[in-house]
Amino acid sequence: MRPDLLNPLFAETAGLKGVGPGLARPLEKLGLTRLRDLAYHLPDRFVTRRAVANLDEASVGENVVVALTIREHRSSSGRGPFRVLAEDAIGNVIALVYFGRASYSAKKLLPTGEKRWVAGRIDQFGQGLQIVHPEHVSEDSAGLLATLNEPVYPLSEGLTQGRIQALVHQALAHLPRMPEWIEPGLLDRMGWPSWSEALVEAHKGTHEAARDRLAYDELLANALALMLVRASNRSRTGTPLLGDGRLRAKLNLPFALTGAQQRAIAEIEGDLQQGAPMLRLLQGDVGSGKTAVALNAMLVAVEAGAQAALLAPTEILARQHAETLTRMVAGTGVNVQLLTGRDKGRARESILMGLMDGSIQICVGTHAIFQDSVSYRNLGLVVIDEQHRFGVGQRLMLTQKARRTPHCLAMTATPIPRTLTLAQYGEMDVSRLDEMPPGRQAIDTRVIAQERLADVVEGLARHVAKGAQAYWVCPMVREHETEDLAAAEMRYETLKARFGDDVVLVHGQLRPEAKDAAMERFANGDAKVLVATTVIEVGVDVPNATLMVIEQAERFGLAQLHQLRGRVGRGSQASTCLLLRGDALSEVGRERLALMRETQDGFRLAEEDLRLRGGGELLGTRQSGDTPFRVASFEQIAKLLPLAHDDARLLMERDGGLSSPRGEAARVLLYLFERDWGVQLLRGG
Ligand code: ADP
Ligand code: MG
């Protein structure tokens, strides 16, 4: 149970003053459903303004607060702006300019002859000065002098800075008194404020100590939770699985395993023979052949008389895994079945039966395979095929709940920087596939301006005419979901006009049946072009697809581009990746795309991604889901994670049951960051 003192923080945002149905949606879009979320909705940046006595003291482009006397209202005829002429203390004239509906309120706010304090940015307009849409207007100086340093929050459509400021304010007024979970010595040494002070300060200005403390809290919570999983796992007894090799001998793979694959399999086999359940991470770049490693591990389990389950992040991927594995085990007599949330009625019953009586030895599926209604006769190994962005801890938790703890192999498709590996996977044992299967050709990667779209389509036509297939990816950015969908649909329509039924469309909002049908047509070669949003990112394997077109490539992170590109270059044919770029390309964006051209080493790209993002790109452009963190930035992860990690370990060593006063405080922290699956493991013993 969540400690009572956290209740006010977990109250719904919808209950706040001034939050009607109209605000509920935009708030939800930003993930601000509880007061806690508002309190942690930290400003992207601050606008700094200078109070000036008159306009001579201000320069063009500067944000100022200045006292003005209103002289004249000038409504323009037609559609022009509404202009208010005003004068400073020494007679300089400036125009306050309003467009559209804002002019109505401006008329009332700025009566002629009166003195008003105005905050805004000074612009040059012709020979004169102007402020377009002053950000604040007030009758007295006090109100405006409080805005000399004003937070700017991430917004969604339907929200304004003023609105969100007021809500954050309310949330901050409800902060409970928290026990201190940070070690006092560290707190002192770093000069960090208490939790509630840190939150308040972080909303007031660029207080590094406050921001760092808050980030540290999050990192500590995560490190602790992962350590609790680890500790719980150590204390459990699993079943040693000793394979005799009889099934693997019958396996008829169309290739010889790479050295890296063999090493990983040996490491896993060693773990499986132990009494303590395995907790191992298999890290390997796209196309490095993780599936074959997973299959070998699962066959060891089956040889030893146990069952194995493979958990995939999406239905599409689960389906593909099931097909690949079924093909690979043909001839071994092993029964592989797919179980997804969509299986209903008789089909589902029969699969559940097979799992219960052990006649199904390998089960592949989405999270449905861990529902309460699913029970296994003897589940010995769980493989989690994970997109790096999913929090692995919670998944691991699933395996910990079983009566007898199965061995666990987590696979990550993205080579992530070492700092992030630690953050995301804690102290798991790691096997790395650092060698690609032979015969892979470099993917010819080119950056092309979006204006040359027609040429690209011609190229695609030539490509398809040769009998090859292609992916066409349109970006999907959460903030503008409908707009993005429209982009993918539109591209689909234009390509369809040209290529007819050879084109299929897949995106996240399609009904699963429609999605699978489209995927199926592409996978079996019936369809030649797959237009998709990033749902194909997670491991679809069509070797005949040798062209990848990515629209608005600058909107993707490097790691993501790398994953997408990894969809091609899977067969023996030469492959091409075309990165279409918009014309508003930032310096960093340019550098990113250049790197994509330069290297195909996933580890290098991951490190560079970290560097480029750390290097001062706007906080706001950070893609959610890149790390399991909401508060900590990449820089803070690099700086503070080792510390948090050591601290968590120390705490665990002294008080593994989290029962000392500091341990109790740490429990509060885990609940605060919703890493309470860690606490649940404690109780489970
Ligand atoms: P990923 O690590 O991205 O999951 P996959 O397991 O899907 O990679 O493997 C990618 C492709 O490489 C598949 O078509 C697979 O059959 C092939 N493959 C895997 N291992 C080898 C190998 N040792 N030699 C040649 N091809 C391999
Ligand atoms: Mg894979």
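Residue-wise test of (1) of a type in the set (Val, Ile, Thr); (2) in a loop (DSSP other than H, G, I, E, B).
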residue	(1), (2)
Val64	yes, no
Gly113	no, yes
Trp117	no, no
Gly120	no, no
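Which residues, taken from the stretch 315-351, are of a type in the set (A, V, I, L, M, F, W, C) and outside any strand (DSSP E or B)?
As a first pass, look at the stretch 315-351 and keep what is of a type in the set (A, V, I, L, M, F, W, C): 316-318, 322, 325, 328-330, 334, 336, 338-339, 347, 351.
Ile316, Leu317, Ala318, Ala322, Leu325, Met328, Val329, Ala330, Val334, Ala347, Ile351, listed by residue number.
If you go through the stretch 242-262 and keep only what is without any contact (Cβ under 8 Å) to a residue 40 or more places away in the chain and within 16 Å of ligand 2 (Cβ to nearest atom), you end up with just Leu257. The single residue among Arg234, Arg263 that is within 16 Å of ligand 1 (Cβ to nearest atom) and of a type in the set (Lys, Arg) turns out to be Arg263. For the stretch 1-24, the tally of residues that are exposed (fewer than 13 other Cβ atoms within 10 Å of the Cβ) and either closer than 30 Å to Leu129 by Cβ or touching a residue at least 12 places away in the same chain (Cβ under 8 Å) (or both) stands at 4.
With the condition kept exactly as written, say whether any residue in the stretch 74-81 is surrounded by fewer than 16 Cβ atoms within 10 Å (Cβ to Cβ) and under 45 Å from the mean Cα position of the chain (by Cα). Within the stretch 74-81 (the criterion being surrounded by fewer than 16 Cβ atoms within 10 Å (Cβ to Cβ) and under 45 Å from the mean Cα position of the chain (by Cα)), the answer is yes, since at least one residue qualifies.
Listed here are the residues, each with its yes/no results for (1) under 24 Å from Thr412 (Cβ atoms); (2) outside the structural domain of Gly426 (by TED's automatic domain parsing); (3) within 22 Å of the chain's Cα centre (by Cα).
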{"site": "Arg630", "(1), (2), (3)": "yes, yes, yes"}
{"site": "Leu640", "(1), (2), (3)": "yes, yes, yes"}
{"site": "Ala648", "(1), (2), (3)": "yes, yes, no"}
{"site": "Leu651", "(1), (2), (3)": "no, yes, no"}
{"site": "Gly656", "(1), (2), (3)": "no, yes, no"}
{"site": "Pro661", "(1), (2), (3)": "no, yes, no"}
{"site": "Glu664", "(1), (2), (3)": "no, yes, no"}
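Quick check: anything in the stretch 302-324 within 16 Å of ligand 2 (Cβ to nearest atom), touching an Asp or Glu at 6+ places or on another chain (Cβ under 8 Å) and of a type in the set (Lys, Arg)? Checked against the condition, which is being within 16 Å of ligand 2 (Cβ to nearest atom), touching an Asp or Glu at 6+ places or on another chain (Cβ under 8 Å) and of a type in the set (Lys, Arg), the stretch 302-324 yields at least one hit. For the stretch 496-523, how many residues are modelled with pLDDT of 90 or more and either surrounded by fewer than 21 Cβ atoms within 10 Å (Cβ to Cβ) or touching a Cys at 6+ places or on another chain (Cβ under 9 Å) (or both)? Going through the stretch 496-523 one residue at a time, the tally reaches 8. Cβ-Cβ contacts under 7 Å between residues 6 or more apart (or on different chains), taken from a first residue in the stretch 135-152 that is at negative phi to a second residue that is surrounded by 18 or more Cβ atoms within 10 Å (Cβ to Cβ) and assigned to a helix (DSSP H, G or I), are listed as His136/Leu144; Val137/Leu109; Ser138/Leu144; Pro151/His203.
On the basis of being touching a helix residue (DSSP H, G or I) at 6+ places or on another chain (Cβ under 6 Å) and more than 16 Å from ligand 2 (Cβ to nearest atom), does Glu513 make the cut? Before you say what the answer is, go through the steps one by one.
On the way: touching a helix residue (DSSP H, G or I) at 6+ places or on another chain (Cβ under 6 Å): no; more than 16 Å from ligand 2 (Cβ to nearest atom): yes.
No.
If you check Gly158 against the conditions, is it in the same structural domain as Ala102 (by TED's automatic domain parsing) and surrounded by fewer than 18 Cβ atoms within 10 Å (Cβ to Cβ)? In short, no. Per this entry, Arg263 is counted among residues that are among the basic types (Lys, Arg) and out of contact with any helix residue (DSSP H, G or I) (no Cβ under 7 Å at 6 or more places or on another chain). For the stretch 666-685, which positions are more than 14 Å from Glu218 (Cα to Cα) and in contact with a Phe, Trp or Tyr (Cβ under 9 Å, 6 or more places away or on another chain)? Val679, the sole residue that qualifies. Scanning the stretch 325-371 for residues that are charged (D, E, K, R) and within 28 Å of the chain's Cα centre (by Cα) turns up just one, Arg342. Residues in the stretch 277-295 that are under 13 Å from Glu435 (Cβ atoms) and assigned to a strand (DSSP E or B) were compared, and the one that is nearest to ligand 1 (Cβ to nearest atom) is Gly284.
Count of the stretch 623-639 residues, restricted to those that are crowded, with 22+ Cβ neighbours inside 10 Å and assigned to a helix (DSSP H, G or I), is 2. Among the residues examined, Arg248 qualifies as within 15 Å of ligand 1 (Cβ to nearest atom) and farther than 20 Å from Thr412 by Cβ.
When the stretch 299-324 is filtered for residues that are buried (at least 24 other Cβ atoms within 10 Å of the Cβ), over 26 Å from the mean Cα position of the chain (by Cα) and within 13 Å of ligand 1 (Cβ to nearest atom), nothing remains. Here Ser235 clears all of (1) surrounded by fewer than 18 Cβ atoms within 10 Å (Cβ to Cβ); (2) farther than 30 Å from Gly20 by Cα; (3) at pLDDT 90 or above except the condition numbered (3).
The numbered conditions (1) surrounded by fewer than 24 Cβ atoms within 10 Å (Cβ to Cβ); (2) over 21 Å from Val364 (Cβ atoms); (3) assigned by TED's automatic domain parsing to the domain that holds Leu381 are all true for Gly245 except (3).
For first residues located in the stretch 540-552 and small (Gly, Ala, Ser), partners that are within 11 Å of ligand 1 (Cβ to nearest atom) and not in a strand (DSSP E or B) and lie 6+ apart or on another chain with Cβ distances below 8 Å form the pairs Ala545/Arg567; Ala545/Arg570.
What helices (runs of 4 or more DSSP H), lying completely within the stretch 491-601, carry at least 2 residues that are in contact with an Asp or Glu (Cβ under 6 Å, 6 or more places away or on another chain) and not small (Gly, Ala, Ser)? Full working, then the answer.
On the way: elements: 512-523, 558-565, 587-598.
Passing ranges, in order: 558-565, 587-598.
Out of Ala106, Ala102, Ala58, Ala95, one residue alone is aliphatic (A, V, I, L, M) and closer than 24 Å to Asn149 by Cβ. It is Ala58. Here's a check for you: in the stretch 265-283, which residue that is within 26 Å of Ser235 (Cβ to Cβ) and modelled with pLDDT of 95 or more is farthest from ligand 2 (Cβ to nearest atom)? Residue satisfying both the conditions and the ranking: Gln273.
The values are calculated or read from the model by the stated rules, or taken from the named source; none is laboratory data. Predicted model only: the values in this text are computed from it and were never measured. When we count neighbours, we look across all protein chains shown, and the Cβ atoms used for this are built from the backbone with ideal geometry, even at glycine.
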